[in-house]
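Take a look at the structure set out below.
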Amino acid sequence: MKISTTAYNGRPSVPSEGAVQIQVPGRSARPRGVNFANLEKRLGGLASIAALMGFWEALSRLVLPRLDPQFAILVPPPSRAFMSGLRALLSGELLRHILASSERVLLAWSVVAVIAIPLGIAIGWWPRVNRFLGPIVEMVRPIPPIAWIPISILWFGIGMTQNVFIIMIGAFFPILINTVHGVRSIEPILIRAALNLGAPPWKLLRKVVLYGALPNIFTGLRIGLGVSWMLVVAAELVAATSGLGFMIEDARNFLRTDIIFMGMVIIGCMGILMERILRRVERALLVWYHGAQHHE
Amino acid sequence: MAFVVVSDLSKTFISKNQMVIAALANVSLEMERNQFLCIVGPSGGGKSTLLNIMAGFERPSQGKVLVGGHEVKGPSPSRAMVFQEFALFPWFTVRENVAFGLEMQSMSKPERDEVVSHYLDLVGLRRFANNFPIELSGGMKQRVAIARALAVNPEMLLMDEPFGGLDSHTRGFMQQELLRIWEKERKTVAFVTHSIDEAITLADTVAVIAGRPGTVRSFTKVSLPRPREEADPEFVKLKVEVRSQIQAASLSEEEWETDAGGVGRESRWRKFRLFAR
Ligand SMILES: Nc1ncnc2c1ncn2[C@@H]1O[C@H](COP(=O)(O)OP(=O)(O)O)[C@@H](O)[C@H]1O
Ligand SMILES: [Mg+2]
C-alpha cells in the first residue's frame, strides 16, 4: 500500500483503492526547531572554506611578501578583498555595477525567451518549419557567442546594445533547442487524447503542446540564464563602462587585485542567486511535474 | 441498420524496414445502441488497431466504419476513447482534465463546472478535484479518464484495455464501477481486453479477434444478469466456450505457420499486391 505524505495546500492525501486511510502529518506538523544534523552539514561545508581562507590569508600576508613583494600584490589576502567589497558596497558603487549587469542579462534573456520559445514550438511541431529553419539554426549554433564580439562592437559600438546582443546570441540556442526537444518529447497518446476530445489546432498547441514542453522549456531557460550571466561578464570586459565585468577589468588597470577577486566572487554569487530564484519559480509552476516536494 | 457497422475492415502497416504488416483482415461487426461489446483475443491480434480505426486515429486500408449512419473520418468527441495508459494531461488538475473536452467546445465556465462536478460525483472523485494526476493511484486515474470521456457526452465509448495496467484487486473494483456507471449513463461501449473473465463479467456480447492478421472468430452472447459471479456455472461454461474459440484460432494459426513456406508465400503475395495498387 502506498501512503502519501503530500497533505499540502489543503488537498487530501491519496489512499489507494479500498485502503485504510492513515493520517500522515503534513508540513505544518513537522518539528520547527533547529535541525542539528542539517546544521552540522552546513558547518562542515563552512569549515573547509574557512580553512582555505585562513591558509590563503596567511600565505599572502606572511609568506609571499617575503618571497617577492609583487606576488603579494597579485594574490591579495581575502580580508582585504572583503574590506574593499564592503567599501564599494557602502559607497553604492558595487550596487551600480551589479544593477548594470543584471539589467543587461534580464533584458536580453527575457527578449530571447519571448522569441525562442514560440520559434522552438513551431520548429518542434511543424516538420515544414523545421525543414526550413533547422539548417539555419545548425549553421549558426556552433559559433561560440564570444566570437560575435568583434563584429558586434563594429555594429553597435561599446555599451548596452552590444552587451545585450552578445547575451541574446548565447541565450537563444539553449532555450530554442530545449523547447524543440520538449515539443518532440510529448507523449503522442496525449495528442491523441486531445484530438479525441475535440481540440482544434490552436488550442491543441496552447493547452497541450506548450504545457507538455514546459519542463524542457524551463531547463532551457535555466541554462540560458547561466550562459547569459557568463556572457555579460565577457561582453563587459571588452565593451562597457559599467557592470561587474567592467569593474574587474577597470581594477586591472590600477592593479587593484583585491577588487578583482571581490568582483569575481560576487559574479559567482549572482549566478547562483539567479539560478536559485529560477528554480523556485519552476518548482512553483511545475508542481504537476515534480510532484509536491517539501525537502530540497 | 445497426448503430455501429464495421464492414470488411482491413489494415496493413508498413514498418520502418519496409515490411508489410497485416494487422486486421476483413473484420465485420455490428453493434446496437447501448450495447456493451467486449473484444477479446491474444495480443498482437489487431484489437487496438480496430479501436484506433473506430476512433478515427487511423485510416483503414480497406472497408469502413459507420457510426449512426456516418462514416468515421477522423477523431471526434462523439466517440470518446479511454486508453490503457490513462492519457491524462499531467499539467491539469483532475477537474481541469475532466473539463478539457467541454472547454474545447467553448462551453461557458459555469455550465462546464456543473457538468464536471456531475461526472466527478459519478466516478466518486469530487474530493480530488484539485489534485494533479501524479498524486492519484492507477484506478483513480482511470476513473478520471472515464469521467473525462463521459463529460463530452459521447455517443459511444471506446476502451482499449483500460484496466490492463491495474492490479487485480483494483481491476475487479473498476469493473464493478464501470458497470455501475454504465447502468446510469447508458452508452454504446466497445471494450478491448485480453482477459476472458473481464469480457464475460462486462459484456452483452463477446467478440473473439485472433490470428495474424486478426479476424473475427466468433461472437458469444452473454445474457447472465449483472452483477455476474465468476463461480457461476453458466459463467464458467461461457468462459470455456470463449477460451476454446481463442485456442482454436491459435491452433489453426500454428498449422498455417508450420505449413512450409506458407507464410512467406502469403506475405510476398501481399507485398506484391500492395505495390501493384
Ligand atoms: N503503427 C504501427 N506500425 C506498424 N505496425 C503496427 C502499428 N500498429 C500496430 N502494428 C502491428 O499490428 C499488429 C496488431 O497490433 P495491435 O492492434 O496493437 O494488437 P493488439 O491490440 O490486439 O495487441 C501487431 O503485429 C503490431 O505490431
Ligand atoms: Mg492493444
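The values are calculated or read from the model by the stated rules, or taken from the named source; none is laboratory data. As the structure is a prediction and not an experimental result, all values here were calculated from the model. Positions of Cβ are generated from backbone atoms using ideal geometry, with glycine treated the same way; all protein chains shown enter the neighbour counts. These accessible areas exclude ligands, DNA and RNA; they are computed on the full protein's heavy atoms, side chains included. Shrake-Rupley method; radii C 1.70, N 1.55, O 1.52, S 1.80 Å.
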Task: Residues of the stretch B:26-57 that turn out to be open to solvent by 40 Å² or more (accessible area, probe 1.4 Å), of a type in the set (D, E, K, R) and either in a loop (DSSP other than H, G, I, E, B) or within 12 Å of ligand 1 (Cβ to nearest atom) (or both), as a count - done: 2
TODO: Identify all residues within the stretch B:214-241 that are open to solvent by less than 30 Å² (accessible area, probe 1.4 Å) and within 22 Å of B:LEU9 (Cβ to Cβ); write none if there are none.
DONE: B:GLY214, B:SER218, B:THR220
Open item on the list: Quick check on the stretch B:58-72: of everything there that is open to solvent by less than 40 Å² (accessible area, probe 1.4 Å) and away from chain A (no Cβ under 13 Å), which residue is farthest from ligand 2 (Cβ to nearest atom)?
Closed with: B:GLY68
Open item on the list: Checking the structure you have, find out if any residue of the stretch A:206-214 is in contact with a Gly (Cβ under 8 Å, 6 or more places away or on another chain) and away from every other protein chain (no Cβ under 14 Å).
Closed with: no
TODO: Mind listing whichever residues of the stretch B:10-25 are open to solvent by less than 20 Å² (accessible area, probe 1.4 Å) and more than 16 Å from ligand 2 (Cβ to nearest atom)?
DONE: B:SER10, B:ALA25
Open item on the list: Can you list residue pairs whose Cβ atoms sit under 8 Å apart, with the first residue in the stretch B:28-45 being touching a residue at least 12 places away in the same chain (Cβ under 8 Å) and the second being within 16 Å of ligand 2 (Cβ to nearest atom) and among the polar types (S, T, N, Q)? Count only pairs 6 or more apart in sequence or on different chains.
Closed with: B:CYS38/B:THR193; B:ILE39/B:THR193; B:VAL40/B:THR193; B:VAL40/B:SER195
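Got at least one residue in the stretch B:15-25 being part of a loop (DSSP other than H, G, I, E, B), at pLDDT below 95 and away from ligand 1 (no atom under 11 Å from the Cβ)?
Within the stretch B:15-25, the first condition is being part of a loop (DSSP other than H, G, I, E, B), and the residues that meet it are B:15-19.
Remaining after also requiring at pLDDT below 95: B:15-19.
From what is left, the residues that are away from ligand 1 (no atom under 11 Å from the Cβ) are B:18.
Checked against the condition, which is being part of a loop (DSSP other than H, G, I, E, B), at pLDDT below 95 and away from ligand 1 (no atom under 11 Å from the Cβ), the stretch B:15-25 yields at least one hit.
Could we say that B:GLU96 is on the phi < 0 side of the Ramachandran plot, over 17 Å from the mean Cα position of the chain (by Cα) and within 8 Å of chain A (Cβ to nearest Cβ) here?
Numbers: on the phi < 0 side of the Ramachandran plot: yes; over 17 Å from the mean Cα position of the chain (by Cα): yes; within 8 Å of chain A (Cβ to nearest Cβ): no.
Considered against the rule, which asks whether it is on the phi < 0 side of the Ramachandran plot, over 17 Å from the mean Cα position of the chain (by Cα) and within 8 Å of chain A (Cβ to nearest Cβ), B:GLU96 comes out as no.
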- [ ] Please report, ordered by residue number, the helices (runs of 4 or more DSSP H) entirely within the stretch B:130-240 with at least 2 residues that are within 14 Å of chain A (Cβ to nearest Cβ).
- [x] B:138-151, B:168-184
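Test A:VAL75 against the stated conditions and say whether it is among the hydrophobic types (A, V, I, L, M, F, W, C), surrounded by fewer than 19 Cβ atoms within 10 Å (Cβ to Cβ) and either over 28 Å from A:LEU176 (Cβ atoms) or in the same structural domain as A:SER185 (by TED's automatic domain parsing) (or both).
Details: among the hydrophobic types (A, V, I, L, M, F, W, C): yes; surrounded by fewer than 19 Cβ atoms within 10 Å (Cβ to Cβ): yes; either over 28 Å from A:LEU176 (Cβ atoms) or in the same structural domain as A:SER185 (by TED's automatic domain parsing) (or both): yes.
Against the criterion (among the hydrophobic types (A, V, I, L, M, F, W, C), surrounded by fewer than 19 Cβ atoms within 10 Å (Cβ to Cβ) and either over 28 Å from A:LEU176 (Cβ atoms) or in the same structural domain as A:SER185 (by TED's automatic domain parsing) (or both)), A:VAL75 qualifies.
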Open item on the list: If B:ALA149 satisfies all but one of (1) away from ligand 2 (no atom under 16 Å from the Cβ); (2) touching a residue at least 24 places away in the same chain (Cβ under 8 Å); (3) more than 30 Å from B:VAL5 (Cβ to Cβ), what's the number of the condition it fails?
Closed with: (3)
Open item on the list: Considering only residues that are more than 13 Å from chain A (Cβ to nearest Cβ) and either without any contact (Cβ under 8 Å) to a residue 24 or more places away in the chain or of a type in the set (D, E, K, R) (or both), which ones fall in the stretch B:119-129?
Closed with: B:ASP121
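Tell me, yes or no, whether the stretch A:193-210 has at least one residue that is of a type in the set (Phe, Trp, Tyr), under 30 Å from B:ARG79 (Cβ atoms), open to solvent by 50 Å² or more (accessible area, probe 1.4 Å) and more than 16 Å from the chain's Cα centre (by Cα).
Taking the stretch A:193-210 and keeping what is of a type in the set (Phe, Trp, Tyr), we get A:202.
Going one step further and asking which of them are under 30 Å from B:ARG79 (Cβ atoms), we end up with A:202.
From what is left, the residues that are open to solvent by 50 Å² or more (accessible area, probe 1.4 Å) are A:202.
Then keep just the ones that are more than 16 Å from the chain's Cα centre (by Cα); that gives A:202.
Within the stretch A:193-210 (the criterion being of a type in the set (Phe, Trp, Tyr), under 30 Å from B:ARG79 (Cβ atoms), open to solvent by 50 Å² or more (accessible area, probe 1.4 Å) and more than 16 Å from the chain's Cα centre (by Cα)), the answer is yes, since at least one residue qualifies.
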TODO: Looking only at the stretch A:266-277, decide whether some residue is free of Cβ contacts under 8 Å to residues at least 60 places away in the same chain and outside any helix (DSSP H, G or I).
DONE: no
Task: Residues (more than 9 Å from chain A (Cβ to nearest Cβ) and surrounded by 22 or more Cβ atoms within 10 Å (Cβ to Cβ)) located in the stretch B:73-85 - done: B:VAL82
Task: Selection from the stretch B:39-67 of residues that are out of contact with any Pro (no Cβ under 9 Å at 6 or more places or on another chain) and under 16 Å from B:ALA249 (Cβ atoms) - done: B:ILE39, B:VAL40, B:GLY41, B:PRO42, B:SER43, B:GLY44, B:LYS47, B:LEU50
